[in-house]
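Read-outs: derived from the displayed coordinates by stated rules, not from any lab. As the structure is a prediction and not an experimental result, all values here were calculated from the model. Here Cβ is always computed from backbone atoms with ideal geometry, including for glycine, and neighbour counts include all displayed protein chains.
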Amino acid sequence: MIFLKLFRESFLFAYDALRQNKLRTFLSLVGVTIGIFLIIFVFSAVDTLKNNLQKSVNKLGSNSIYIQKWPWVNNEDSPWWKYLQRPTPKLREFDELQKRSQTALAVSYEISIDNRIVKYQSHTVEGAQIDATSHDHDKTWNFDFEDGRYFTEMESRSGSPVTVIGHDIAADLFPDGGAVGKALKIMGRNVTVIGVFKKEGSDILGISDDKEILLSLNFAKNVIDVQNASYNPQIVVRGKNGLSDLEVESEVRGLMRSIRRLGPNNEDNFALNKTTILSNQLDIVFNVLTKVGGFIGLFSILVGGFGIANIMFVSVKERTNIIGIQKSLGSKNYFILLQFLIESIVLCVMGGLFGLGMVLAVAALVKAGTDVQIVLDIKNIIRGISYSIIIGMLSGIIPAYFAAKLDPVEAIRSN
C-alpha cells in the first residue's frame, strides 16, 4: 500500500511537471518518443520482411533445387563471362533426372514467356507472363485455387489446350466472374480456362501467381521452341520429405555432372539455386537494418534521457523546500529517492507509449495504403517499453540521489 501510494504521488508529480512545463517536458519527451518509435518500428519492419520472405520460401519450397544457367547471387568477382557460355537446361537432362534421382519427390521443367497479349472477346491483357511447365509443377510449387483445378496427367501428356490463370488476369478478362470454361486467345491459339489461382498479392521476392497464365509444356511445344534460352528454361527438383536441401543438392550436382559428362577437373557449367541462398543474403540486410535502426533509436533515447534528467534536476530544485518538510516529518531517504526515480520512469514510459502509438498509426497507414500487414510482435512492444523504464531509471537516479541526500534544515531554508 505504501508503494502504491508512493507511485500515485510520483505519477501526480510527473503529471504536474508535464502540465506546468508543457514545452520543456514535450521537448524532453520527443527524444524518448522517437527513440522508442524507431526501435519498435525497425524490429517490427524486420519481422514483417522475414515473414514475407518465409511466405516466398514456402512457395518455392524449402528443399527445392533450381537448376539454372545463372546463379541467384552475384558479386564483383563473379565470372559472368563463364556463366554466359553455360548451356541452358535441356529436356533430355530433365528426363534423365526424373529416371535417376533417388532423393527427388518431383522434378519439373519450366519456362517463362514474358510480355504476351491475352484476349477474351473485347477484353485484353498486355504484358502477361505465360509459364509452361511439365505435369509435376504442382508438386514443386505451392499454390491454391480460387476456382477450378490443375491439369490432369492426360491433359499434360497430350498437350491439351487448357490453362490455369492468376486472379488478376481473371479479374481483367472476366470482370463479371465465371472464368472457368471460357476460351482465351493465347499465342494465336484458343485455350480453355480450367482453373483460377487464389489471390496472393506481391511479396518480398516479387513472386506471385496473380498475373500468371499457366500452360502445359507439351501444349507449348506445339507453338514455340521450349528449349530456347530466351525463355529462361529451368529444372526444379523437390526433395522428398525428411531430406535436407544439402542432401538433395549433393545428389543433383552429381547427376548433372554425370549427365553433362563433366570430368573431375571441370567446373560446374550450371547453377544450383535454392531458397537458403536468398534468405542468407536477406538475413545480412536484416541484421544491418536492425543494428542501424537500434543504434539510431538508442541514441535518440539517450538524448531524451538527458532531457528527462534535466527535468528531474529542475524538479528537485523547485521542490527542495517540500523535500525539507517531508524529511523533517520523518520521511526516509529511500522514500525521497523512489519518489523522484518513479517520476522519471513515469515520464519515460509516457514517451514510450507515445512512440508505441506512433508505430500503431504508421502500421495502420501502411496497411491502408499498401495492403501490407506490419507484424507488431508483443516482444517488440515489451522491448521498447523496457528500454523506456531503463532510460527512466538511468535518467532519474542521480537527481533522485541528490534529492535524498539533502539536509532537511538547509532544504527548508532554500525557499
**Report entry** Cα-projected label distance for residue 229 with residue 124, points at 7 Å along beta-carbon direction, nm
**Finding:** 3.3
Query raised in the report: Rounded, prolate or oblate: which one fits the range 325-415, using the alpha carbon gyration tensor with axes a ≥ b ≥ c (rounded when a/c is under 1.5, else prolate when a/b beats b/c, else oblate)?
Result: prolate
Query raised in the report: In Å, the Kirkwood hydrodynamic radius of the range 217-256 over pairs of distinct alpha carbons?
Result: 12.5
Query raised in the report: Any idea what the relative contact order of the chain is, in percent, if you count C-alpha pairs under 8 Å spaced at least 6 apart?
Result: 28
Query raised in the report: Which helices, counted as full DSSP H runs in the chain, have an axial Cα extent of no less than 24 Å and a Kyte-Doolittle average of 0.0 or above?
Result: 2-20, 22-60, 275-318, 333-370, 378-404
Query raised in the report: Counting each DSSP H run of 4 or more residues in the chain as -39500 (n - 2.57), what helix-only mean residue ellipticity at 222 nm follows after dividing by all residues, to the nearest 500 deg cm²/dmol?
Result: -19000 deg cm²/dmol
Requested in this report: Among 380, 266, 287, determine the one that fluctuates most according to a GNM of the chain built with springs between C-alpha atoms less than 10 Å apart.
Outcome: 266
Report summary line: When 295, 197 are arranged by how many other beta-carbons sit within 10 Å of their Cβ, fewest first, they go 295, 197
Requested in this report: Work out the charge dipole of the range 64-273 with +1 on the Cβ of Lys and Arg and -1 on the Cβ of Asp and Glu about the Cα centre, then indicate which of 217, 193, 263 is farthest towards its positive end.
Outcome: 263
Query raised in the report: Which FRET efficiency value, to the nearest 0.05, do you get for residue 277 and residue 401 by plugging their Cβ-Cβ distance into 1/(1 + (r/R0)^6) with R0 = 45 Å?
Result: 0.25
**Report entry** Highest-first arrangement of 256-262, 327-333, 268-274, where packing means the average Cβ count within 10 Å
**Finding:** 268-274, 256-262, 327-333
Requested in this report: May I ask you to list the lysines whose Cα is less than 24 Å away from that of residue 332, ignoring any residue fewer than eight positions away on the same chain?
Outcome: 5, 317, 405
Query raised in the report: Looking at the P(r) of the range 236-374, how many percent of alpha-carbon pairs lie beyond 26 Å?
Result: 62
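By per-residue mean of other Cβ atoms within 10 Å, what is the highest-first order of 405-411, 28-34?
Listed from highest to lowest mean packing, they are 28-34, 405-411.
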Query raised in the report: Of the listed peptides 359-367, 64-72, 381-389, what is their order by residue-averaged count of other C-beta atoms within 10 Å, with the highest listed first?
Result: 64-72, 381-389, 359-367
Query - Gain in span if fully extended, residue 145 to residue 27, counting 0.36 nm per residue against the direct Cα distance - result: 37.1 nm
Requested in this report: Normalise the Cα radius of gyration of the range 357-405 by 2.2 N^0.38 Å (N = residues in it) and let me know the number.
Outcome: 1.80
Report task. Return an integer: the convex hull volume of the alpha-carbon atoms of the chain, in Å³ per residue. Result -> 213
Report summary line: Row for the range 196-275, column shape: gyration tensor on C-alpha, a ≥ b ≥ c, rounded if a/c < 1.5 i.e. under 1.5, prolate if a/b over b/c, else oblate; value oblate
Query raised in the report: Per q in 0.22 1/Å, what log10 I(q)/I(0) does a Debye calculation on the alpha-carbon atoms of the range 162-295 return?
Result: -1.28
**Report entry** Using alpha carbons only: equivalent-ellipsoid semi-axes of the range 64-273, gyration tensor based, whole Å
**Finding:** 32, 18, 16
Requested in this report: Only Cα pairs under 8 Å and at least 6 apart count here; give the relative contact order of the range 64-273 as a rounded whole percent.
Outcome: 35
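If I stretch the segment between residue 360 and residue 152 completely, what's the gain in nm (0.36 nm per residue apart, minus their alpha carbon distance), one decimal?
Working: separation 208, 0.36 × 208 = 74.88 nm, distance 4.73 nm.
In short, 70.1 nm is gained.
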